[in-house]
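Novice: Before we start, here is the structure in question, set down as C-alpha cells.
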Amino acid sequence: GVGPSDASPDEGVVEDLPLIDEKAVEQLTEGLISHYLPDLQRSKLALQELTQNQVVLLETLEQEISKFKDCNSILDINALFSEAKRYHNKLVNIRNEMMLLHEKTSKLKVSGINI
C-alpha cells in the first residue's frame, strides 16, 4: 500500500504558497537595498582609498629600493677605488725597488764588477 513515506516531499507545496505580491517583493527589495547600500558604498570608498594608499606606498618603496641600489653601487665604486689605490701603492713600491736595484747595479758597474 501507499504509506506516508511513499508521498513525494514536494507534493502539495505549490498549493500551500500564497500568491506572490509583486509590489511587496519590490518594496522588500528596495528596503533591503536601502538598508545595506550605504554601508556597502562606505566600504567601497574605504577600499578605493586603501588601494590608492597602497599605490602610493608601493611607489615610495620602489624609490627607496632604488636609493639602496644606488648606495650599493657607490659602495662598490668605493671598494674599487680602495683596491686601485692599494695596487697603485704596490706599483710605486715595485718601481722604487727597481730604481734602487738599478742604482746598485750601476754602482757595481762603475766599480768595475760586470753583472
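The values are calculated or read from the model by the stated rules, or taken from the named source; none is laboratory data. Everything numeric in this text was worked out from a predicted model, so none of it was measured. Because the Cβ atoms are built from the backbone with ideal geometry, glycine has one as well, and the counts that use them run over all protein chains shown. Surface accessibility is based on the protein's heavy atoms, side chains included, excluding ligands, DNA and RNA. Shrake-Rupley method; radii C 1.70, N 1.55, O 1.52, S 1.80 Å.
Novice: Given the structure, is I94 modelled with pLDDT of 85 or more, among the hydrophobic types (A, V, I, L, M, F, W, C) and open to solvent by 80 Å² or more (accessible area, probe 1.4 Å)?
Specialist: Here the answer is yes, as I94 does meet what is asked.
Novice: Take the conditions at pLDDT 90 or above and either in a helix (DSSP H, G or I) or open to solvent by 90 Å² or more (accessible area, probe 1.4 Å) (or both) and apply them to S106. Does it pass?
Specialist: Taking the combined requirement at face value, the residue does not satisfy it.
Novice: Further question on the same structure: Could you please find all residues in the range 1-59 being among the polar types (S, T, N, Q) and either surrounded by 10 or more Cβ atoms within 10 Å (Cβ to Cβ) or at pLDDT 90 or above (or both)?
Specialist: Those that are among the polar types (S, T, N, Q) and either surrounded by 10 or more Cβ atoms within 10 Å (Cβ to Cβ) or at pLDDT 90 or above (or both): Q27, T29, S34, Q41, S43, Q48, T51, Q52, N53, Q54.
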